[in-house]
Structure formats: structure tokens, C-alpha cells
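Structure, as C-alpha cells:
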Amino acid sequence: MLEFISSQNAENPEFAVVWLHGLGADGHDFESIVHELELSEQAKIKFIFPHAPIMPVTINGGMKMRAWYDIAYADLGSKPDLNGIVNSAKLIQEILDDLLKQGFTREKCFVVGFSQGGAVALHLATEEKLAGVVALSSYGPTLTNAKEIKTENIWLGHGSFDGVVPPVLGENTVKELERLGVVVPLNTYPMQHSVCLEELSDLSQWFNRSVAGT
């Protein structure tokens, strides 16, 4: 199983969030995010921050780094590494299986992903019925071939000035989800390829609503 960092915002957590970093980062990248979220007393959460495998990344000259899948072209919509996304999703399923042994059912687990991590999270929405899936500054390459969405509670956030994952890819993700019968807005913020406090505040409210609805 992947190595990871874990923390929790309360004793005896009832929910779990698996948070996936972006290309070249690691689990520490979002470790401090727990303190930025405005969570309700009901949202007692165990956070898992996995480290992606180390692999050569074509677009970076074959340099080895932590990545959920290979990227060969700057145009992320061109020949995406679908097998790599699927394989990384299986690694996250192993973490979900381990959480199940700890008493967290799939319906009590969220998967959040930034950039590359969001692509993996969105794929898991087609494979698992989870409490929710979040994709930040991301896109869903595998949705094009998907026949159904098992997790319908999805939250999308994107920077309107994102030059790494252009907003049009987020808009295309919304269209693919609509094709699959899930209407999800694209929440946009005046930022580049990043996260901002306003986005985290909105995401916090979504978490609070999601927890209250379970």
C-alpha cells in the first residue's frame, strides 16, 4: 500500500478524507489544509495524504518524480495516460479497503484531488459509491469512456487564470458529468493553478452539508 501521512480534526472520527496531491508534490503538500477548513462539529474527519509513486514523467524530460500518471503533452487533452489513472485509482482503493477495516464504510469516505490527483479522484467516482469526490484545478480524462457515475456528490473548483489545467478542461468535465446524468457546477476563482481561501471556504461548506446529509 502507498505510504501516507494521516491526521484528524477530532477524536473518534466518523468520516475519512483521502487527499491526493498534484504532479511532483507529495502528501505533505496539503497536510496543513486541515487547519484552513471551516468544518462543523459534525465533520469529525480522519485525513489521509498519500504519496504518489515515483516515476519518469515524459513532459519533464523523463525526470523521475512523484506522479499519479505520465503526462506526455502540454495539451493535457491530447492522448492522456488513461491506464496510469486507472492504476493509481486502484492504489487509492487499497487505502479505502484499509479504512474499511478501521470501520469507515465507503459511504463515509471522501476522495479529494488536486490537478493530477483530481483526475484520479474523478475516476474513482465511476468505480466507487463514496460520500463525495472533489477535483481541484483538475479534469476527468477517463470520464469520456465512462458509462456511469457511482458517486454523484461531486465538487469542482478551478482557477479562472489556470495556465496548467486550462478552465476549458474543467468545463469539459462538467459536460461529461452531465452526459452521465450528474449536474455539477464548476466553481471558479480568480487564481492560477492553485487553491485560495475563498475556494477552501466554499469547499468547507460542501463538506459540512455532505456530512449532515449522511
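Every number in this text was worked out from the coordinates using simple rules, so none of it is lab data. Since we're looking at a predicted model, the values are computed, not measured. Methodologically, a virtual Cβ is constructed for each residue, glycine included, from the backbone with ideal geometry; neighbour enumeration extends over all protein chains shown.
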Subject >> Relative contact order [Cα under 8 Å, 6+ residues apart], region 4-212, whole percent >> reply: 18
Original post:
Hey, any idea what the orientation-averaged projected area of the convex hull of region 95-200's Cα atoms comes to, in nm²?
Top reply: 6.4
Original post:
Quick one: Cα convex hull volume of the chain, Å³ per residue?
Top reply: 105
Original post:
Amide H neighbours of Gly140 under 5 Å, counting only residues 5+ apart in sequence or on other chains, H built in-plane at 1.01 Å?
Top reply: Thr173
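Could you list, in their original order, any pairs among Lys101/Lys175; Lys44/Lys90; Lys79/Lys129; Lys90/Lys175; Lys79/Lys108 whose Cα atoms are separated by more than 32 Å? Display every interim value, and only then the final one.
On the way: Lys101/Lys175 36 Å; Lys44/Lys90 26 Å; Lys79/Lys129 28 Å; Lys90/Lys175 25 Å; Lys79/Lys108 34 Å.
With Cα atoms farther than 32 Å apart: Lys101/Lys175; Lys79/Lys108.
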Subject >> Distance (nanometres) between label positions extended 7 Å along Cα→Cβ at Met1 and Arg179 >> reply: 3.5
Original post:
By counting other Cβ atoms within 10 Å of each Cβ, how are Arg66, Arg106 ranked from fewest to most?
Top reply: Arg106, Arg66
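If we count other beta carbons within 10 Å of each Cβ, what is the order of Ile92, Ile45, fewest first? List each step's numbers first, then the result.
Details: Ile92 25, Ile45 22.
Fewest-to-most ranking of Ile92, Ile45: Ile45, Ile92.
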**OP:** Please give the calculated 222 nm ellipticity per residue for the chain, where each DSSP H segment of at least 4 residues contributes -39500 (n - 2.57) and the sum is spread over every residue; nearest 500 deg cm²/dmol?
**Re:** -9500 deg cm²/dmol
**OP:** Nearest 5 is fine: what % of DSSP beta bridges in the chain come out antiparallel, could you say?
**Re:** 30
Subject >> Nitroxide proxy distance, nm - points 7 Å out along Cα→Cβ at Phe161 and Ser194 >> reply: 0.9
**OP:** Calculate the spin-label point distance for Lys64 paired with Glu107, positioning each point 7 Å from the Cα along the beta-carbon direction, and give it in nanometres.
**Re:** 4.4
